[in-house]
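As structure tokens, the structure follows; a few thoughts come after it.
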Amino acid sequence: MSTIVEKIFAEHSKDRVEPGEIVWIDLDVRTARDFGGPNVVKHLMEHYEGDYLEDPEKTYFTFDLSVPAKTIKYAINQQVCRRFAKETGMGIFDVDAGIGTHVLLEKGIVRPGSTAVGTDSHYNILGAIGAFGQGMGDKDIAFAFKTGKTWFEVPESMKITVEGKYDWPASARDLTFAVMKEIGSSGMLGKAADYYGDAIDNLSLDGRITLASQTTEMGGIIAFIPPNKEVLSFVEERTGQPQKGIYPDKDATYSEEVHIDVEGLEPLVAAPPKPTNVKPVSELEGMEIDSVFIGSCTNGRYEDMLAAARVLKGNKVKEGVNLRITPSTKEVWARVIKEGLIDIFLKAGAVVLTNPGCGGCAEGMPGLVGKDEVELSTTNRNYPGKQGPGKIYLVSPATAAASAVKGYLTSAKEVMQ
Amino acid sequence: MRPTKLKGRMWLITDPEGNRFDDIDTDMIFHNKWLYITDINEMGEYAFGNTPGWEDFPGKAKEGDILVVGRNFGAGSSRQQAVDCFRALGIQAIIGESFGAIYKRNVINSGMPLIEAPDIFESGMKSGDLVEIDLENGEVKKDGEVVFRARPMSKVQMDIYQAGDLFEYGKMLK
């Protein structure tokens, strides 16, 4: 019987859904960012004569890369998109909104079982609520804007079971590192996955977003986290509609099964040059650092802000180290202010950026790293040169905050009494 | 019909030690600092701009050349520019041991031949070799001899290639 990807495709396609088959699927949502967006507009104008959108109500721009535009080129690109949105009546989340995929979740635009595509390789983050999300290039997205459809080769699915209990300061990010260490950079290449196990069931929505955001770094197309009660009530509240959720059949067919034990999990770190180059923090404990970034689609949720605040409360960032924090969306940002986290951050000496968005991954909206600089970051990629010529080590928000206080890589246990 | 047998000079993309170069991500191919570029004619000069040992590739590539790449090529972002920068240089086809999922779609949709060839780095071919690839049966020939058997292109791939690109293919479906 069916895995989650097979169920969603079957509900959105007239074709026979079986691994390896090419199917055409209907798309519930299609979006483009300020990156990719202007190229999508260009393709539409070049290849079609008017009537550019199959359904403007299902089509959005989400600006989250250069927000607000920091170069003239980006200003022009965003202007191209704004004008196109105005002419066609499609939706737009402008430079104030935050990371597009997170905004889709917050605004109730996607639900478990939805199909959505956009110009963001972390679009499969929507697997966090059991929706099919897929990052695509600007040609694919232009075609999706125009037709409301896309072609897909039905992927095989892996069954990934994660079990065990762990305590603070280990977090969903550390669980995610444990999964990545096991699967590797291409272990999920071209495949889908369904997650199982008590450690997955216990993840909050924010934790699920963290785990789902790293599917691409394992080569995966999409990895689904079957929704629990918290996720269903969140989606019900945001969509205003009752939700059934989506779950694999008991006898679903998987190409491969992986078991991961996270009992007693310790804080982990991904050293350059790959996000799957995972080691215990204790192994690199004491490594001096120059800067720290907390944010991104992986760890820019309120829970992540709270984890950082918990460590920073009553502490000061080490002199010579700069700590930058970027909430993922306006909603998260507003809560950071309302709940008083902002005061903790400011007293600790952090730089808190005023605009939510993709943060460090977006060519240094909140700053880049210089040559030979070492940065701890909660972003999702540490490939060479991505965030400047320095070295990027990926960590959880708690580890990032604790290390900012000490001036060297360390676990939050060493900072909190 | 577009040709299903392609001839060209091969570039074997190796790491600084001369080994198969795996996990080359889209920021190594086309760095995020150039993402604002929307004109394909401006993209070529940045191809491989952040890939150690290949920064000078745009000056060396010739129209009709064929890339041979390692595993998980094009991992990372969804940027079409990481494909279009090679098209801008006149690269004719990309042969690889495996590809990032989004990258693979982006190549296919642009109408550029993409050949999956697990273990092609074991075949003994080297940069500069003149090869002929048969898109229909996956055969790679050098001096008329079959030196490697890759996977043939899938039906949807061939259909998009023959139509020109995804947009032209889409028009034929209606």
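One table, with the values for the structure above:
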item	result
Positions within the stretch B:138-174 being surrounded by fewer than 14 Cβ atoms within 10 Å (Cβ to Cβ) and more than 14 Å from every other protein chain (Cβ to nearest Cβ), in sequence order	B:Asp143, B:Gly144, B:Glu145, B:Val146
Of all residues making up the stretch A:391-414, the number that are away from every other protein chain (no Cβ under 14 Å) and either β-branched (Val, Ile, Thr) or surrounded by fewer than 22 Cβ atoms within 10 Å (Cβ to Cβ) (or both)	10
Yes/no for B:Glu132 being part of a loop (DSSP other than H, G, I, E, B) and either among the polar types (S, T, N, Q) or more than 14 Å from chain A (Cβ to nearest Cβ) (or both)	no
Qualifying residues in the stretch B:130-148 (those that are in contact (Cβ under 8 Å) with a residue 40 or more places away in the chain and in contact with an Asp or Glu (Cβ under 9 Å, 6 or more places away or on another chain)) - the one farthest from B:Asp65 (Cα to Cα)	B:Val140
Considering residues of the stretch A:31-72 that are over 27 Å from the mean Cα position of the chain (by Cα) and hydroxyl-bearing (Ser, Thr, Tyr) only, the residue most open to solvent (accessible area, probe 1.4 Å)	A:Tyr52
Residues of the stretch A:74-118 classified as of a type outside the set (A, V, I, L, M, F, W, C), open to solvent by less than 10 Å² (accessible area, probe 1.4 Å) and either over 30 Å from A:Tyr247 (Cα atoms) or at pLDDT below 95 (or both), total	2
Residue, nearest to A:Lys181 (Cα to Cα), within the stretch A:304-328, restricted to residues that are part of a helix (DSSP H, G or I) and open to solvent by less than 60 Å² (accessible area, probe 1.4 Å)	A:Asp304
Residues satisfying the stated conditions in the stretch A:32-57, i.e. aliphatic (A, V, I, L, M), farther than 23 Å from A:Ile99 by Cβ and facing chain B (nearest Cβ under 10 Å)	A:Leu44
Options B:Phe48, B:Phe57, B:Phe21; residue that is more than 13 Å from every other protein chain (Cβ to nearest Cβ) and open to solvent by less than 50 Å² (accessible area, probe 1.4 Å)	B:Phe57
Strands (runs of 3 or more DSSP E) enclosed by the stretch A:215-303 - at least 1 residues per element that are surrounded by fewer than 24 Cβ atoms within 10 Å (Cβ to Cβ), at pLDDT 95 or above and in contact with a strand residue (DSSP E or B) (Cβ under 8 Å, 6 or more places away or on another chain)	A:256-261, A:278-280
Residue satisfying condition, being within 14 Å of chain B (Cβ to nearest Cβ) and part of a helix (DSSP H, G or I), within set A:Lys139, A:Lys181	A:Lys139
Scan of the stretch B:34-65 for residues that are within 25 Å of A:Tyr74 (Cα to Cα), in contact with a Pro (Cβ under 7 Å, 6 or more places away or on another chain) and modelled with pLDDT of 95 or more, ordered by number	B:Gly44, B:Glu45, B:Ala47
Number of positions in the stretch B:50-88 that are closer than 23 Å to A:Asp138 by Cα, among the basic types (Lys, Arg) and in a loop (DSSP other than H, G, I, E, B)	1
Some residue of the stretch B:107-114 being within 14 Å of another protein chain (Cβ to nearest Cβ) and in contact with a Pro (Cβ under 9 Å, 6 or more places away or on another chain)	yes
Residue match in the stretch A:389-404 (condition: at pLDDT below 95, out of contact with any Lys or Arg (no Cβ under 9 Å at 6 or more places or on another chain) and of a type outside the set (D, E, K, R))	no
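The values are calculated or read from the model by the stated rules, or taken from the named source; none is laboratory data. Since the structure is predicted, the reported quantities are computational estimates derived from the model, not experimental observations. As a convention, Cβ positions derive from the backbone with ideal geometry for all residues, glycine included, and neighbour counts pool all protein chains shown. Just the protein is used for accessible areas: all its heavy atoms, side chains included, with ligands, DNA and RNA removed. Shrake-Rupley method; radii C 1.70, N 1.55, O 1.52, S 1.80 Å.
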